[in-house]
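Read through the structure below, which is laid out as structure tokens, and then see the notes.
Just so it is clear, none of the values below were taken in a lab; they were calculated from the coordinates. Because the structure is a prediction, the values reported are computed rather than measured. Cβ placement follows ideal geometry from the backbone for every residue including glycine, while neighbour counts extend to all protein chains displayed.
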């Protein structure tokens, strides 16, 4: 069976080799100031894919605060995706502080041939009003260029860990509802917002929302798969490992136990291909 890992992270070589030079970005520092937090380039990802039987990987951009860091990463992503067509798919970064440059950044992501926008996250930015304004602008621009958007979403309860911040689920739902035609990927099972799709009005508004499985072994009991299948069906679930945080192999035995063969095909490959092919 072909497998696309919809949630991986790679960085340009200068970031991998000299991470401390980029600690003036608060979000990056909060996740990677510990040397145990792995930073990899595309070459190392390709090697791991070969070992793990992964046929394709979606590489998520980091939510840099500064425009120059976003541009550097987007250009690197354009290069590696071009050199590895059908194997590496890349999502671009827009400066998380937003401002006048959002439209131009999204336009550039499209021009570079990247496959989407994200992973958007607010590791150092707690102002809910500013978050909402930024997300609405991103969603508006993404829709104009037919680009899917991936958004980091944390569960609002449970244990704390690096990178976890409070998610305003009502705000997130409102922004999604205002953009019903935009393909949105909510990472980490959407922080649990998928369970609100039991409400008919949420299910109707979330018709183009997908949920990835990134970091599941750290967050949920294996029964999350059967629960999600019952609520949103396999057509809205994407396999994502969050590699190198977790290797894809950590997921497969549980998925095989919890998910039937036809549903596995959707989760591990079919849904991803549909999004990437637009």
- Give the stretch 151-177 a look and list any residue that's free of Cβ contacts under 8 Å to residues at least 12 places away in the same chain and surrounded by 15 or more Cβ atoms within 10 Å (Cβ to Cβ), or say none. 164
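Take the residues in the stretch 139-150 that are in a loop (DSSP other than H, G, I, E, B) and crowded, with 16+ Cβ neighbours inside 10 Å, then tell me which one is farthest from the chain's Cα centre (by Cα). Steps first, please.
First, the residues of the stretch 139-150 that are in a loop (DSSP other than H, G, I, E, B): 145-148.
This time we only want the ones that are crowded, with 16+ Cβ neighbours inside 10 Å, so: 147-148.
Working: 147: 13, 148: 10 Å.
The qualifying residue farthest from the chain's Cα centre (by Cα) is 147.
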- Message: So, in the stretch 15-54, exactly how many residues are in contact with a helix residue (DSSP H, G or I) (Cβ under 8 Å, 6 or more places away or on another chain), surrounded by fewer than 21 Cβ atoms within 10 Å (Cβ to Cβ) and over 30 Å from residue 138 (Cα atoms)?
- Response: 1
- Message: Quick check on my filter: what residues within the stretch 254-275 are without any contact (Cβ under 8 Å) to a residue 12 or more places away in the chain and either within 16 Å of residue 210 (Cβ to Cβ) or within 21 Å of the chain's Cα centre (by Cα) (or both)?
- Response: 270, 274
- residue 224 vs. criteria over 20 Å from residue 120 (Cβ atoms) and without any contact (Cβ under 8 Å) to a residue 60 or more places away in the chain: yes
- Subset of the stretch 185-205, residues crowded, with 19+ Cβ neighbours inside 10 Å and out of contact with any helix residue (DSSP H, G or I) (no Cβ under 6 Å at 6 or more places or on another chain), comes to 185, 186, 187, 188, 189, 190, 191, 192
- Message: Scan the stretch 59-73 and tell me whether some residue there is crowded, with 17+ Cβ neighbours inside 10 Å and within 26 Å of residue 263 (Cα to Cα).
- Response: yes
